[in-house]
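The values are calculated or read from the model by the stated rules, or taken from the named source; none is laboratory data. None of the values given here were measured: they were computed from a predicted structure. We place every Cβ from the backbone using ideal geometry, glycine too, and count neighbours over all the protein chains shown. We work out accessible area using only protein heavy atoms, side chains counted, and drop any ligands, DNA or RNA first. Shrake-Rupley method; radii C 1.70, N 1.55, O 1.52, S 1.80 Å.
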Amino acid sequence: MADKYDVIVIGAGPAGYHAAIRCAQLGLKTACIDKSLGEDGKPAYGGTCLNWGCIPSKALLDASHKLVEARDKFADLGIKVGRVAADVPKMMEHKAAVVKQLTSGVAGLFKANGVEDLPGTGKLLANRKVEYTPHEGDSRTLEAESVILAPGSVPVEIDAAPMDGQYILDSTGALEMEKAPKTVGVIGAGVIGLELGSVWSRLGSEVVMLEALDDFLPQVDRRLAQDALRTFRKQGLDIRLGTRVTGTEVKNRKVEVSYKDKEGDQTLKVDRLIVAVGRRPFTDGLLSADCGVNLDERGFIYVNDLCVTDAPGVYAVGDVVRGPMLAHKGMEEGLMVAERITGRKPVVNYDAVPSVIYTHPEIAWVGRSEDELKRSGDACQVGSFPFAASGRALAAADAEGSVKVVTDPETDRILGMQIFGPQASELIAQAVIGMEFSASAEDFGLTMFAHPTLSEAVHEAALAVHGHAIHVASRKRNKKK
Ligand code: FAD
Ligand code: AMP
């Protein structure tokens, strides 16, 4: 007789563990299968996000940012420090401790909520049966009323730069180097490439970034992307746009990278090469031929807006399905599916998914940008406000960048917000909440913001939509009907 559950979740990344915990909270007998192991060889729940993604990258980004502040900024603020130097092994220790604390935390949450954790591999069979293979021991068949697939994603590999784990690294390897190489190449100046490039540049490496596209961060508002590009280049990142990597060779402990730009064939020699060209959905060994789940043409599990697959009672959430590959998008999908299984009717608002790049300053955006609206022929109004006019940002000597608010000229509703500036990752939540409640620029304008805060820049940008920002000279007056 197969073990029976109400719900089996495969994958304990952010999408899967949120789904499993909410199912258990709602009274369902729930099991969660996950194959990830930590450095100590023990189960490490939390998926890419906690083990090799969001959290370890932020541990290194925060530590390396503090180093730069202490080295280059403190003196201007009247703080004298002695010689400031990076202790990379200590940073890695800190990172590993945070990862351990959080992955064990997920195991604790499973226990507290009554989720049965099953370390090992899961495979979906027909009729909501699941083959479970523990790390040691024999496989057995489990059965459930509902199955939630949350197997996540893995780095994309390209033929031009096959990963060898020593000189040519993926994002996981790039988070584990024990010292800063003299020179680092990064293929791909996207979100992950910029974060990893920033870490190693701050820790002392000369970083060259090779990006195939001519446009920098095409998904970001053009003006803000140009400001960010200028800033990152000033910080020392040698970002080369329009450069397609065509081959690599490891010779004499260096990686020789061949690439093409508009002048022709070029080469670059680096000590380490990080390949950050994107991620792909991971479904290896997950689906039996007769399980009824289909993939789309790009290899993502095919689902509708409610994360329902083609197999009755089987759902899929997170990086393995369409939409941005972001932890919080997967978490919300996981929660939605859990609630829907128990008859509630939430939906995920895919129009209000915030995105963040954790460089310094940070870049964050949600909804539609001015360029996007113009491209699609839709009218919009825009208000922006520079951090250079924010008292709090100036007091903190961190006043680069600006906030841009985009609204519908008919209804004044906020359609999007883009921020390049300090704590953009925190500030963007205000736009997300506003959009969830269909707020207008006027609503933001009439709301009181504590002074002095960076949030006031959001307030002023909303006021600027109608030419009413106080702390900048504006030529727009009384535009509102
Ligand atoms: P995953 O987190 O990939 O988890 C899937 C889990 O399922 C894994 O543990 C895997 O081992 C397991 N699994 C797969 N198949 C099976 C199977 N058959 N049986 C058992 N277990 C299985 N996102 C953000 O939102 N913010 C960030 O700042 C951010 N930073 C990132 C930085 C880096 C360097 C990287 C690589 C990613 C980052 N991401 C970030 C992306 C984020 O990590 C992913 O979007 C998120 O982890 C996806 O969650 P998931 O639950 O879908 O899958
Ligand atoms: P992201 O998807 O945000 O992680 O970004 C990955 C980036 O890698 C994209 O901007 C791609 O254009 C870039 N890219 C992909 N393949 C190559 C290549 N062979 N050479 C240079 N850049 C690449």
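General observations
- Label-to-label distance for D138 and L241 is 6.1 nm, based on points extended 7 Å past Cα in the beta-carbon direction.
- Ranked packing of 28-37, 296-305, 12-21, most packed first, by mean Cβ within 10 Å: 12-21, 28-37, 296-305
- Under 12 Å, Cβ to Cβ, from S369 - net charge with Lys/Arg +1 and Asp/Glu -1: +1
- Residue order by solvent-accessible surface for F387, F437 is F437, F387, largest first, with ligands and nucleic acids left out and a 1.4 Å probe.
- Total formal charge among the other residues, if their Cβ is under 13 angstrom from that of K42, Lys/Arg +1 and Asp/Glu -1: -3
- Our summary gives the range 300-421 a relative contact order of 18 percent, counting only alpha carbon pairs under 8 angstrom and 6 or more residues apart.
- Evaluating 6.51 cos²θ - 1.76 cosθ + 1.60 at θ = phi - 60° for every residue in the range 24-34, the Karplus couplings come out as 5, 4, 8, x, 8, 6, 10, 10, 10, 9, 8 Hz, glycine and proline recorded as x.
- Apportionment of accessible area to carbon and sulfur, the range 280-347, percent (1.4 Å): 52 percent
- Fraction of antiparallel bridges per DSSP, the range 95-232 only, in percent to nearest 5: 65 percent
- Sequence of Y167, Y45 from largest to smallest accessible area, 1.4 Å probe: Y167, Y45
- Within the accessible area of the range 61-126, the carbon and sulfur atoms contribute 56%, probe 1.4 Å, all protein chains present.
- In the context of the full set of protein chains, the range 61-150 has a per residue accessible area of 57 Å² (1.4 Å probe).
- Most positive-pole-ward Cα, G193, G204, P218, against dipole of the range 191-237 from beta carbon charges: G204
- The portion of the accessible surface of the range 377-478 made up by carbon and sulfur, rounded to a whole percent, is 54 (1.4 Å probe; DNA, RNA and ligands excluded).
- Test item: Cα-centred dipole of the chain, Lys/Arg +1 and Asp/Glu -1 on Cβ, debye: 1100 debye
- Checked against a 24 Å cut-off, the cross-linked pairs K66/K100; K95/K269; K4/K100; K4/K329; K80/K100; K260/K329 give Cα-Cα distances beyond that limit for K95/K269; K4/K100; K4/K329; K80/K100; K260/K329.
- On full extension, the segment bounded by E263 and I79 gains 61.6 nm, given 0.36 nm per residue less the C-alpha separation.
- Check: the range 151-299 dipole with +1 on Lys, Arg Cβ and -1 on Asp, Glu Cβ, in debye: 700 debye
- Summarising the amide proton neighbourhood of M209: residues at separation of 5 or more, or on other chains, whose placed amide H is nearer than 5 Å comprise V186, D238, I239, R240.
- Multiplying the residue separation of A112 and E93 by 0.36 nm and removing their Cα-Cα distance gives an extension gain of 4.0 nm.
- Residues D159 and L295, FRET efficiency given R0 of 22 Å [Cβ-Cβ distance, rounded to 0.05]: 0.50
- Accessible area per residue in Å² at 1.4 Å probe, computed on the range 186-241: 37 Å²
- Protection proxy ranking for 192-201, 228-237, 80-89, using the average of other Cβ atoms within 10 Å per residue and placing the highest first: 192-201, 228-237, 80-89.
- If both residues of a DSSP beta bridge must be in the chain, then about 60% of such bridges are antiparallel.
- Net charge dipole size for the range 235-389 [Lys, Arg +1 and Asp, Glu -1 on Cβ; Debye, nearest 20]: 400 debye
- The chain: mean projected area of Cα convex hull, nm²: 26.2 nm²
- Cβ-Cβ FRET estimate between T411 and H65, R0 fixed at 35 Å, reported to 0.05: 0.35
- Positive minus negative residues near L194 (Lys, Arg vs Asp, Glu; Cβ under 11 Å): -3
- Max-minus-min Cα coordinates of the range 351-481 on each principal axis give 38, 30, 25 Å, with the largest extent listed first.
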